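Notes follow the structure.
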Amino acid sequence: MIQNILFLAHVDESGKSFPRIAFEVLGASKDAARLANACLAVGIVGGEIQDAANSIARVGARIVGVCGADFAHPRYATDAGAVEAICRTVESDIVIAPATSRFLRVIPGVAQRLGGQVDTHITSLEVADGSVSAKRWFYKQRVEALIRRDARPWFLLVDPGCYEPWSGEAGTAKVETIDIRLAAETKRTILAGIRIPASHAQTIRPDATLLFVAGAGWCKRQSDGSAHVSEAEAAILDFLQNSGASLGGSKSLVDQSGENQSVLRFMTHLNQVGQTGSTPRHPKGLSTCCHGEEPHVVGWRFINERRAINLDPNCGWARGKADVLYVADAFQVIPKLNALLHKK
């Protein structure tokens with residue numbers, strides 16, 4: 001039987017709150033603790049943690065934290081020491097944390113130190129007869145696995161977009177702070193600065209409400225017999241900037257760069273969705289100049305509302321794969337959308 005469940009989180013860049021994914025995983029942790037009839041504890045890492053702790057004061061859990069200037073920014077040695085100290089203090093059977101880049105680097109090492117095991121990219125937690133099991137996808141979201149482990153502590157890193165965020169009124173949280181003595185060698189890595197791409201250059205936005213996917217049709221010859229790649233680039237970038245959407249690309253489009261064909265200069269394999277590409281999670285998706293082939297649609301498995309723009313009424317999106325299909329020319333539709341967005 002599970003006695004204790006620990007939810008781990010770190011503060012965001014502002015130092016005042018948590019990343020959105022943390023609230024999602026907090027809700028999952030609270031539900032798991034309730035169903036398992038276990039005690040829930042919260043562990044926080046950051047430079048300043050009181051404001052973040054106050055935002056979840058009503059969650060009804062013991063709050064333990066490690067704070068200070070040495071923990072304000074990601075660094076493996078100090079983060080690992082902080083997480084290890086929290087886990088040893090709470091002595092939890094199950095440790096649940098958001099799959100942020102900061103924790104994905106650190107927690108596997110902490111599991112090794114504590115003699116536990118870790119599973120990443122968890123998408124679902126289930127509790128039956130006081131036992132916790134987890135689900136995750138393999139082989140590009142085609143095979144779902146159900147995982148159970150006897151090892152304790154068992155660390156579970158949960159992916160974003162799988163749970164509704166926990167919400168509650170803020171209050172004044174009582175935080176048990178842990179003092180850690182850091183050896184000099186743990187602080188050899190120093191943060192020199194943060195470089196952030198310009199908003200017009202940032203195309204991958206995991207927290208965006210809309211996923212905009214461009215297909216190879218944007219770079220093909222149009223009705224006048226010529227390709228209009230520069231116009232396509234301008235229209236797509238304008239739409240991304242005005243809507244705040246995240247950009248995806250079909251495999252056929254991103255592969256064109258290696259085939260000496262005209263390509264969208266800002267499109268890379270990192271934008272690829274489906275067929276060995278990513279499987280993002282966004283509330284809505286808009287596909288343009290794509291044909292809706294099955295390997296591509298697999299990448300849309302977790303998109304809640306699917307819409308597509310295609311001149312061909314018999315394309316793959318029309319065969320039950322899109323909720324709404326606009327039979328139209330994306331070269332005409334997207335500029336009109338941009339004009340409407342500019343007015344707002």
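Expected output is a single nm value to one decimal: the length gained when fully extending between ASP312 and GLU164, i.e. 0.36 nm times separation in residues minus the C-alpha distance. What is it?
Extra length available between ASP312 and GLU164 comes to 49.6 nm.
Can you list the trypsin sites (Lys or Arg not before Pro) in region 111-163 that are in a DSSP coil and have 13 or fewer other beta carbons within 10 angstrom?
The qualifying sites are ARG142, ARG148.
Taking the Cβ-Cβ separation of GLU305 and LEU182 as r and a Förster radius of 45 Å, what is the calculated FRET efficiency to the nearest 0.05?
That pair, GLU305 with LEU182, gives E of 0.40.
Can you figure out the FRET efficiency of MET1 with ALA145, using R₀ = 25 Å and their beta-carbon distance, to the nearest 0.05?
About 0.55, to the nearest 0.05.
Which whole-number percent is the relative contact order of the chain (Cα, under 8 Å, 6+ apart)?
Averaging sequence separation for qualifying contacts and normalising by length gives 14 percent for the chain.
Peptides 178-190, 155-167, 218-230, 90-102: what's the order by average Cβ count within 10 Å, highest mean first?
90-102, 155-167, 218-230, 178-190
Using a Förster distance of 41 Å, how high is the FRET efficiency between GLN202 and THR89, based on the Cβ-Cβ distance and rounded to 0.05?
0.60
Once you have the Cα-Cα distance between LEU341 and ASP255, take 0.36 nm times their residue separation minus that, and quote the gain in nm to one decimal.
So the extension gain works out to 27.9 nm.
Show that you can apply the helix-only estimate: for the chain, add -39,500 (n - 2.57) for every DSSP H stretch of four or more residues, divide by all residues, and state [θ] at 222 nm to the nearest 500.
Calculated mean residue ellipticity at 222 nm is -8000 deg cm²/dmol.
Just check region 227-344 against the gyration tensor rule for me: Cα atoms, a ≥ b ≥ c as the square roots of the eigenvalues, rounded for a/c under 1.5, and otherwise prolate or oblate depending on whether a/b exceeds b/c.
It comes out rounded by the Cα gyration axes.
Suppose every Lys and Arg Cβ carries +1 and every Asp and Glu Cβ carries -1, with no other charges. What dipole size does region 1-116 come out with about its Cα centre, to the nearest 20 debye?
The dipole magnitude comes to about 140 debye.
With the Cα gyration tensor of region 147-201 giving a ≥ b ≥ c as the square roots of its eigenvalues, does the rule (a/c under 1.5 for rounded; else a/b larger than b/c for prolate; else oblate) give rounded, prolate or oblate?
rounded
Between the helical axis of 101-113 and the dominant principal axis of the chain, each derived from Cα atoms, what acute angle in degrees is found, rounded to the nearest 10?
Taking Cα atoms only, the helix is inclined about 40 degrees.
Would you work out the charge dipole size for the chain about its Cα centre, treating the Cβ of every Lys and Arg as +1 and the Cβ of every Asp and Glu as -1, and quote it to the nearest 20 debye?
I would put it at about 80 debye.
Express as a percent, rounded to the nearest 5, the fraction of DSSP beta bridges in the chain (both residues included) that run antiparallel.
Here the share of antiparallel DSSP bridges comes out near 20 percent.
Using the count of nearby Cβ atoms within 10 Å as a rough guide to exposure, how do ARG152, ARG34 rank from fewest to most?
ARG34, ARG152
Among rounded, prolate and oblate, which fits region 24-114 when a ≥ b ≥ c are the square roots of the eigenvalues of its C-alpha gyration tensor, a/c under 1.5 means rounded, and a/b larger than b/c means prolate?
oblate
Report the label-to-label distance for GLN332 and SER223 in nanometres (one decimal), using points 7 Å from each Cα along the Cα→Cβ vector.
Reported label-point gap for GLN332 and SER223 is 0.5 nm.
Counting only pairs 8 or more places apart or on different chains, how many lysine pairs in the chain have C-alpha atoms closer than 24 Å?
Lysine pairs satisfying the spacing and distance rule in the chain number 19.
In debye, nearest 20: dipole of region 217-309 around its Cα centre with unit charges on the Cβ of K, R (+) and D, E (-)?
Around 300 debye, computed over region 217-309.
Every read-out reported here was derived from the displayed coordinates using simple, explicitly stated rules and does not represent laboratory data. From a predicted model like this one, the values you see are computed outputs, not experimental measurements. In this analysis, Cβ positions are derived from the backbone assuming ideal geometry, glycine residues included, and neighbour counts consider all displayed protein chains.
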